[in-house]
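In what follows, a structure is listed as structure tokens, so that the remarks can point back to it.
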């Protein structure tokens, strides 16, 4: 445990309590709003059912795309998540799909095998690159930059028949858990516009959660899929590293460990779409994940923890999140016959130290502080902070805070950081051996639901529940478990051993049946 890091947490906790009256007054003056619930029944079908309807000609792809374009315009007026779109091109591609199906050149079975997402619209996190669309990724110096080609994962979804509609907002170069930047502005949560959708896949999760997209491509470098999925009430899967290509993603790094930390994965409204999306995104690597292999939940073991351990300065896990986790454990034990195993992972108390020591050791993280006139020279961080507070900096405040934490290495000395990295290697081995190929672990995704805008500066300790599993390279799926008393989404994450993604997805499907899955904003 790092004393300086815990003191930083104590300062954040104090600031959180001191600023609560400000947020109370803010809500009194401006109560916020929610995205309107979808009214078109077509918008309530999963991507898998849409694809089946298009193949059988019970639906037309053009009809589906038009419905989603209309819904995107409606929801984006509330949440401000779209940074660039290709609606007309998507409609043209949808008409081509309908002509292909009507021609009878391929049977339904051939279409199901070769193009499982044929004619289904999807959305893309801007950092994952969609050809011809904005590729600024929230960075002011990159404003106006367009992607020269599709990222590999996006290309794979298109090859499976998906039709991209737009790219969605991120924090500056994905360096924050609040989706806000100096190019596209702030994205709002569809369940409460005074709250954040999270980051860095915040724009993507806001559209999926708002019913304006059925499936999307996101990326996860420190919980960047799972945290927004939690805040916006949808499913999000961080795959085992190495199976879904990260080529075409920004930021990128030559550091070989970066490809372990960063993964590209699906965000979906329905659990049944996780499997076909992951299969499509993995491309030629998909057979290694054995996603079509049946999973017998009755022969599986189940571990769980309700929190990372006691901490005076941590963010406590909300009672309703604890309750949903206990209900999930009981459901998997009684309804599916899973064997519940008791084990206390004491090492999770140092999740922040292990996760951040690994993250900040990566080489080649984008250097936003480089001087435009002299790239070998760096701008002064304190000066940039002052300029940002005055509205003159070209770097967002969230990105500057990331650089501050990186500069001080989360208040951890180099020798101690090396120790925590070694602890991470040992913990990965322990998880791998304990989970094997027949066990999962249930764990909170976040200790609290979506926080108010700017509270990311005083609630960053909540990230400890997700960042650790990037450092360990384990697959993890966020599962929504309903809404709390404030009508905000809550949920949990399912973690499995390396390469055992199908176990996460099978448990997610079972828990969707128990909890009901996605609940529309209302």
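Before moving on, here are some points about what is shown:
- In the stretch 181-191, the residues that are crowded, with 24+ Cβ neighbours inside 10 Å, touching a strand residue (DSSP E or B) at 6+ places or on another chain (Cβ under 9 Å) and not in a loop (DSSP other than H, G, I, E, B): 189
- Extreme residue, nearest to the chain's Cα centre (by Cα), among residues of the stretch 123-139 that are in contact (Cβ under 8 Å) with a residue 60 or more places away in the chain and outside any loop (DSSP other than H, G, I, E, B): 125
- Qualifying residue in the stretch 1-18 (condition: assigned to a loop (DSSP other than H, G, I, E, B), surrounded by fewer than 12 Cβ atoms within 10 Å (Cβ to Cβ) and touching a helix residue (DSSP H, G or I) at 6+ places or on another chain (Cβ under 8 Å)): yes
- Evaluation of residue 222 against the conditions (1) crowded, with 24+ Cβ neighbours inside 10 Å; (2) at pLDDT 95 or above; (3) not in a helix (DSSP H, G or I) shows that the sole unmet condition is (2).
- Filtered residues of the stretch 311-334 (kept if part of a loop (DSSP other than H, G, I, E, B) and touching a helix residue (DSSP H, G or I) at 6+ places or on another chain (Cβ under 8 Å)): 311, 312, 313, 314, 315
- Look at (1) closer than 20 Å to residue 40 by Cβ; (2) in contact with a helix residue (DSSP H, G or I) (Cβ under 6 Å, 6 or more places away or on another chain) and you find that residue 66 fails only one, number (2).
- The stretch 225-306 holds helices (runs of 4 or more DSSP H) entirely within its bounds, and those carrying 1 or more residues that are touching a residue at least 60 places away in the same chain (Cβ under 8 Å) and surrounded by fewer than 24 Cβ atoms within 10 Å (Cβ to Cβ) map to 258-261, 274-282, 286-289.
- For residue 368, the requirement of being surrounded by 20 or more Cβ atoms within 10 Å (Cβ to Cβ) and in a loop (DSSP other than H, G, I, E, B) is met.
- Inclusion of residue 417 among residues that are surrounded by 19 or more Cβ atoms within 10 Å (Cβ to Cβ) and either without any contact (Cβ under 8 Å) to a residue 24 or more places away in the chain or within 23 Å of residue 285 (Cα to Cα) (or both) is not warranted.
- Count - residues of the stretch 192-210 that are surrounded by fewer than 24 Cβ atoms within 10 Å (Cβ to Cβ) and within 17 Å of residue 481 (Cα to Cα): 0
- Every residue from the stretch 19-72 that is assigned to a loop (DSSP other than H, G, I, E, B) and surrounded by 16 or more Cβ atoms within 10 Å (Cβ to Cβ): 34, 35, 36, 38, 45, 46, 59, 60
- Selection within the stretch 316-362: residues that are modelled with pLDDT of 95 or more and more than 30 Å from residue 295 (Cα to Cα). The member of this set that is farthest from the chain's Cα centre (by Cα) is 319.
- Residue 119 vs. criteria surrounded by fewer than 22 Cβ atoms within 10 Å (Cβ to Cβ) and on the phi > 0 side of the Ramachandran plot: no
Here is a yes/no grid of residues against (1) within 22 Å of residue 133 (Cα to Cα); (2) within 24 Å of the chain's Cα centre (by Cα):
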{"site": "89", "(1), (2)": "yes, no"}
{"site": "96", "(1), (2)": "yes, no"}
{"site": "114", "(1), (2)": "no, no"}
{"site": "120", "(1), (2)": "yes, yes"}
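- Any hit, the stretch 168-175, residues being part of a loop (DSSP other than H, G, I, E, B), at pLDDT below 95 and farther than 24 Å from residue 71 by Cβ: yes
- Count of the stretch 192-202 residues which are touching a strand residue (DSSP E or B) at 6+ places or on another chain (Cβ under 9 Å), on the phi < 0 side of the Ramachandran plot and in a loop (DSSP other than H, G, I, E, B): 6
- Residue 165 vs. criteria outside any helix (DSSP H, G or I), in contact (Cβ under 8 Å) with a residue 40 or more places away in the chain and buried (at least 24 other Cβ atoms within 10 Å of the Cβ): yes
- Within the stretch 386-406, the set of residues being more than 21 Å from residue 359 (Cβ to Cβ) and in contact (Cβ under 8 Å) with a residue 12 or more places away in the chain comprises 388, 394.
- Residue in the stretch 207-219 that is under 29 Å from residue 285 (Cβ atoms), within 15 Å of the chain's Cα centre (by Cα) and part of a loop (DSSP other than H, G, I, E, B) present: yes
- Being under 30 Å from residue 494 (Cα atoms) and at pLDDT below 80 is a property that residue 374 lacks.
The values are calculated or read from the model by the stated rules, or taken from the named source; none is laboratory data. This one's a predicted model, so the numbers in the text were calculated from it and none came from an experiment. Every residue, glycine as well, gets a Cβ built from its backbone with ideal geometry; the counts of neighbours run over all protein chains shown.
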